[in-house]
Amino acid sequence: MGRQQNEGENKSKPFIRDDKHGRVGRLDEQTMGYYRRISDTLEGGFGSDEERELFMNNVFEQLSQEAITVSQNQTASRIVEVLVRHADRSQLRIFMNALAKDWETACTDRFACYVTQSLIVATASYIADEEDGEGEDSSELKSINELLSGVCGFLADNLAFHMQDTYASHILRVLIEVTGGVTVSEKVIRSKLSRQQKDDGKGGGEKRGKRKPSEQSLRLFYSLCQKILGLKKLEDHAKNNLANPILQTVVLALKERHPAKCAEACRTFIEDTQMFTAPAGDEIPVLVSHEIGSHFVEQVVSAAPEELYDEMLEKHFAPHLQLMALHPVANFVLQRIISEAHSCEQFETIYHLVASSLEDILARVHTGVVLRLAEGAIRHGTKQKKLVKALMKAFHCYSPPERQVKCVQVFASLTTYEVFYKVPGEDKEQKASSSDEDSDSDEVVIPTLTCVNLHGSILLQNLLRFGNPKLVVTSLLQMRSIELKTLSCDQCGSHVIDAFMKSATVGEKSREKIYVKLKPFLLELACSKSGSRTLDTLWHTGSVKQKSVIAEQLVKSEGKVRGDKFGRFAWRNYALDAYVHRRPQWQQIQSGEIKKRRMFGEIIEGEAGPPEKKQKVKAAKLETQGDGKVKQVHSSSDDEDKSSGQFNKVNRDSVTPVETTASEEKVSKKHKRNSGSIENSDKPGKKKKKKTKNTDDDDDDVDLHKKQTADNEVVHKKKKQTADNEVVHKKKKQIDDTEETSKTKKVKVVEKKKKKKKAVEL
């Protein structure tokens, strides 16, 4: 086969020259019209399955004669991708045999590579249960496993070159995924352009799922991974934007398919890529601070078992954690290190090294590090009080104590106290400007919260899920009503109110104060996009009395509520027509719904999951660092956050607001009594006796650990008792069954004897 290679390029580009224009993959008008009619027929549908099967067979018979040429055409290749997704096993096999005549073109052409990629994904469901000799012309056509082996062999012959090829690298990623029977995130397996085309409906919509691979495909998978691990100059591949995702795919696939081999692969990658070597004068390792290589380091950290993680943390990461927190790229690796901490001791080690430079971290807008610390404090149930204190110091609202009441406004806007409240600094220019403003106007304008930062909202949500969020709760309740309304109607701030109302560590009296403060603005909340969401949370967490207050306020402006595009849903969902015309029945229905919600909440809490979560909720009674028992979902994107404030920019991946789950609504009665300590602290007239605390948070952690171990022993004893009772019950049942069977046998024997006697007498 003749191939022309352009000088100065890294890959060979096969082409079919047209005499007139000299363009690759150019088709005549008749052929293009034929494939356009095929696309229209697919969109229109078929009258029966037989008609569809006959049509597809004819199309693939024609396509097999010109597979390479058609796949190289930009328009026709998209139509072929759609055909591949509608094809059955025999049709895919015919088409794949046609492409196998020229794997180089099929894998390295700019349009044909997408067809090959879709074809490999489509054949994944037929790998495990394929039988050689099926279908027509089985003696002439190769099986799908043989064809996949041919693709792997072609790419493996020049693996280093194909890993850095623009088009063949994507096929390598898909081959690893399909042969291993695993599913890898699309952020790794597809380029950003490909994901955008898929979202716009232009690209492929292949459905990848976890499948059981055949033995032959697993052999291909392990051999391909082994060849990649044996490559030379892996450090260069880790820094390449095309080869790096392949290395990530290998790590993720091995983690899911064979964890032991994944651990070995991680150690091999660490040694061969020189992951933790740093040049002279720079303390951060090169690969950790590399814009592309850092993604691979993150995957190795997430896939490493606990022993390897502990080894990496002590030997390689611990000396550089502070520098990593301030680095524009390495801070993302630090975020993954915090998220993947396996034990409480590992998290505490990271916290002690990072917490001292929180202010510098926020000044460099690395808010992701702070959020990961807050999430880790919830997950491991430690360092919660110290983190709140460190955050207040970083935002300059810890001392004097009067500033602590304003911490919510400062956290929500992600600005320091001086910037938010415009406190004049030491600079002469600021003092001069402030004196001029004071002379011009006698009125003092108190700054108010006007908008909420995305990361500030997520930070507040995490702080409200701490075991003892007293400082944040007090600050939130001390906010002015207009600021609470702004927080409730803000796209990001509404999630803070949700977390406050659904938190297991916030008391009922504190929630009632929110209802009182927001009462004048209930109509505005109902007619706002984000405010209506906050109003739904107030409705679902409120008592019948509080629901009646909300209904009364909305009924006063019935016309405006029913005419608003958001308010009409509140009118319908709250059954306000019934409130107006049949109020006693409405109250009965609402009280019944509250009882059901409480009953089901207690049942679900009693049966939910492992006992560790229950112990962390109980730990809040001791006012120690307990688990908030909340599942959080964050999604990341590549866009930069454009909200106002000093600490409001995102360098790489921004995070969306936390969507609170339904499990947050289910709060046990015991836990509600516990939150009284927070509620009573808000009353100035009442003073409660406080226990003397001479120990630090570390001692609280020891008490919490003892409490948890005691609870574990109680739970274990109860489980043992129930198991013993079940065994006794089963034995009794077996004895009863044997007695019944013996009785029935005796009765049958007696009846047979009687019948024999009668027969003899006759």
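The values are calculated or read from the model by the stated rules, or taken from the named source; none is laboratory data. Please read all numbers here as calculations on a predicted model, not as lab measurements. With ideal geometry, Cβ positions are generated from the backbone for all residues, glycine too; neighbour counts draw on all protein chains shown. Please note that ligands, DNA and RNA were not included when accessible areas were found on the heavy atoms of the full protein model with its side chains. Shrake-Rupley method; radii C 1.70, N 1.55, O 1.52, S 1.80 Å.
Numbers below:
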item: Count of residues meeting criterion [open to solvent by less than 60 Å² (accessible area, probe 1.4 Å) and part of a helix (DSSP H, G or I)] in region 42-67; result: 7
item: Qualifying residue in region 294-310 (condition: touching a residue at least 40 places away in the same chain (Cβ under 8 Å), closer than 18 Å to ARG465 by Cβ and either assigned to a loop (DSSP other than H, G, I, E, B) or in contact with a helix residue (DSSP H, G or I) (Cβ under 6 Å, 6 or more places away or on another chain) (or both)); result: no
item: Residue satisfying all of: in region 333-380; of a type in the set (Gly, Ala, Ser) and under 18 Å from the mean Cα position of the chain (by Cα); surrounded by the fewest Cβ atoms within 10 Å (Cβ to Cβ) among these; result: SER339
item: Residue satisfying condition, being closer than 17 Å to LYS485 by Cβ and open to solvent by 50 Å² or more (accessible area, probe 1.4 Å), within set LYS545, LYS517, LYS509; result: LYS517
item: Single match in LYS232, LYS255 (criterion: of a type in the set (D, E, K, R) and not in a helix (DSSP H, G or I)); result: LYS232
item: Of all residues in region 277-291 being modelled with pLDDT under 85 and aliphatic (A, V, I, L, M), the one that is most open to solvent (accessible area, probe 1.4 Å); result: ALA280
item: Matching residues in region 483-497 - criterion: being assigned to a helix (DSSP H, G or I) and surrounded by fewer than 24 Cβ atoms within 10 Å (Cβ to Cβ); result: GLU483, LEU484, LYS485, THR486, CYS489
item: Residue identified as buried (at least 17 other Cβ atoms within 10 Å of the Cβ), β-branched (Val, Ile, Thr) and modelled with pLDDT under 90 among VAL70, VAL24; result: VAL24
item: Checklist (1) surrounded by fewer than 18 Cβ atoms within 10 Å (Cβ to Cβ); (2) at pLDDT 90 or above applied to ILE38, failing item; result: (1)
item: Complete set of residues in region 99-110 that are open to solvent by 10 Å² or more (accessible area, probe 1.4 Å) and without any contact (Cβ under 8 Å) to a residue 40 or more places away in the chain; result: LYS101
item: Residue that is over 30 Å from GLU271 (Cβ atoms) and touching a residue at least 40 places away in the same chain (Cβ under 8 Å), where the choices are ARG364, ARG403, ARG379; result: ARG379
item: Residue within region 436-443 that is more than 36 Å from the chain's Cα centre (by Cα), at pLDDT below 95 and either of a type outside the set (Asp, Glu) or under 21 Å from ASP536 (Cα atoms) (or both) present; result: yes
